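Comments concern the structure below.
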């Protein structure tokens, strides 16, 4: 079962951690969420795992796309 959500409307997403560290993912395409964190596939075919310890998540959408996309 693939519960991946299409997030290809995003240009990038940035996870910020309590210590100020940031993880920036350019051109995210798919997102799978779990209790432990987020798994993301990007446009280059790379996979990323971001553990759920961030304190802030920001995303920038492509031009013309609303800030919140269901």
Open item on the list: Only one of 52, 62 is more than 15 Å from residue 3 (Cβ to Cβ), in contact (Cβ under 8 Å) with a residue 40 or more places away in the chain and surrounded by fewer than 16 Cβ atoms within 10 Å (Cβ to Cβ). Can you tell me which?
Closed with: 62
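Residues in the stretch 42-64 that are over 12 Å from residue 10 (Cα atoms) and either in a loop (DSSP other than H, G, I, E, B) or modelled with pLDDT under 95 (or both): how many? So that I can check it myself, show each step before the final result.
The initial filter retains those residues of the stretch 42-64 that are over 12 Å from residue 10 (Cα atoms), namely 44-57.
The next check asks that each one be either in a loop (DSSP other than H, G, I, E, B) or modelled with pLDDT under 95 (or both); those that pass are 44-46, 52-53.
Total satisfying the criteria: 5.
To keep it simple, each residue is scored yes or no on (1) more than 10 Å from the chain's Cα centre (by Cα); (2) in a loop (DSSP other than H, G, I, E, B); (3) at negative phi; (4) at pLDDT 95 or above.
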{"residue": "2", "(1), (2), (3), (4)": "yes, yes, yes, no"}
{"residue": "13", "(1), (2), (3), (4)": "no, no, yes, yes"}
{"residue": "16", "(1), (2), (3), (4)": "yes, no, yes, yes"}
{"residue": "20", "(1), (2), (3), (4)": "yes, yes, no, yes"}
{"residue": "24", "(1), (2), (3), (4)": "no, no, yes, yes"}
{"residue": "31", "(1), (2), (3), (4)": "no, no, yes, yes"}
{"residue": "40", "(1), (2), (3), (4)": "no, no, yes, yes"}
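The values are calculated or read from the model by the stated rules, or taken from the named source; none is laboratory data. Since this is a predicted model, take the numbers as computed values, not measurements. Glycine also receives a Cβ, built like all others from the backbone with ideal geometry; neighbour counts cover every protein chain displayed.
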